[in-house]
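Peer 1: Below is a structure I'd like to ask you about.
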Amino acid sequence: MTSSPFLAVPGAVVAEGVDAGIVGHYGGPIVEQRNLERGEAIVDLSNRGVVSVTGPDRRSWLHSMASQALDRLQPGESAEALFLGASGRIEHAVHVIDDGETMWLIVEGAEAAPLAAWLDRMRFMLRVEVADRSAEFAVLGAMSVEALDAATPAFTPAGIALDWVDPWTALTPGGYQYAHEAGHPASAWHWIERIVPREALADAAAAVEAGRVAPAGSLA
């Protein structure tokens, strides 16, 4: 995976451990956290992995292995799921968004290739195709669409923005709400992960340097 252009932004300090390869902070992680919380900053998550699943059987097939209902996931809807093995063991944790043609899975970078290989072994005779797309696509994070739009346009290969929105505070189809929105422990949480072509990272880093959007590191 190529080096992130965000590492060349003035003040960038590279992260360590699971976040190696991206910016840990730009000199003020607490300030960056506040900017992020206000929806004014973006985070480079280009060390995440992106796996695509295409084919007419993709929803029902992934649904059969997941902890979350994915068979009725509508274009643009987001879900969080665990993929389980035959014995019920957790194999992978993923963020899922479907654009009507492809189901996109966001995972930790080191998990992309193992996830693609594991899914490929489970295909049998079903009409699905699995691919690790991490070399082509990257991920940016923010607490507002406006911050992401200031950095780079949404990627819409099938006419649907590939913006995974954390469903934690929302009532999912077929689910139940256990607290009113005002009393939800994360009612102000609006986390978004945008899948973009990897070459778009350079434009996003340039937007940060030009002051069109604030930067936040992984510590934020």
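The values are calculated or read from the model by the stated rules, or taken from the named source; none is laboratory data. The structure displayed is predicted, hence computed values, not measured ones. Reconstructed Cβ throughout: ideal geometry from the backbone, glycine too, with neighbour counts over all protein chains shown. In case anyone asks, the SASA skips ligands and DNA or RNA and just uses the protein heavy atoms, side chains included. Shrake-Rupley method; radii C 1.70, N 1.55, O 1.52, S 1.80 Å.
Peer 1: Give me the pairs: first residue in the range 141-154 and within 21 Å of I22 (Cα to Cα), second residue modelled with pLDDT under 95 and outside any helix (DSSP H, G or I), beta-carbon distance under 6 Å, and six or more apart or on different chains, which are they?
Peer 2: Every condition considered, the pairs that remain are M143/H190.
Peer 1: Test of understanding: among A86, A117, A154, A93, which residue is among the small types (G, A, S) and closer than 30 Å to G211 by Cβ?
Peer 2: Exactly one of A86, A117, A154, A93 is among the small types (G, A, S) and closer than 30 Å to G211 by Cβ, namely A154.
Peer 1: Confirm whether S60 is of a type in the set (S, T, N, Q) and open to solvent by 50 Å² or more (accessible area, probe 1.4 Å). Walk me through it before giving the result.
Peer 2: Numbers: of a type in the set (S, T, N, Q): yes; open to solvent by 50 Å² or more (accessible area, probe 1.4 Å): yes.
The answer is yes for S60.
Peer 1: Within the range 18-25, is even one residue farther than 25 Å from V94 by Cα, in a loop (DSSP other than H, G, I, E, B) and in contact (Cβ under 8 Å) with a residue 40 or more places away in the chain?
Peer 2: No, the range 18-25 contains no residue that is farther than 25 Å from V94 by Cα, in a loop (DSSP other than H, G, I, E, B) and in contact (Cβ under 8 Å) with a residue 40 or more places away in the chain.
Peer 1: Among the residues of the range 35-43, are any of a type in the set (K, R), open to solvent by 10 Å² or more (accessible area, probe 1.4 Å) and over 23 Å from A110 (Cα atoms)?
Peer 2: So the first thing to find is which residues in the range 35-43 are of a type in the set (K, R), and the list is 38.
Checking the rest, the ones that are also open to solvent by 10 Å² or more (accessible area, probe 1.4 Å) come to 38.
Remaining after also requiring over 23 Å from A110 (Cα atoms): 38.
Yes, because at least one residue in the range 35-43 is of a type in the set (K, R), open to solvent by 10 Å² or more (accessible area, probe 1.4 Å) and over 23 Å from A110 (Cα atoms).
Peer 1: For the range 66-83, how many residues are more than 19 Å from G49 (Cα to Cα) and open to solvent by 20 Å² or more (accessible area, probe 1.4 Å)?
Peer 2: Residues of the range 66-83 that are more than 19 Å from G49 (Cα to Cα), as a first pass: 67-77.
Narrowing further to those that are open to solvent by 20 Å² or more (accessible area, probe 1.4 Å): 67-69, 71-72, 74-77.
Qualifying residue count for the region: 9.
Peer 1: Also, quick follow-up: Kindly indicate whether I90 is open to solvent by less than 10 Å² (accessible area, probe 1.4 Å) and either in contact (Cβ under 8 Å) with a residue 24 or more places away in the chain or more than 15 Å from H63 (Cβ to Cβ) (or both).
Peer 2: no
Peer 1: Further question on the same structure: Tell me whether the range 6-13 contains one or more residues that are of a type in the set (V, I, T), more than 24 Å from A154 (Cβ to Cβ) and either in a loop (DSSP other than H, G, I, E, B) or in contact with a Gly (Cβ under 6 Å, 6 or more places away or on another chain) (or both).
Peer 2: yes
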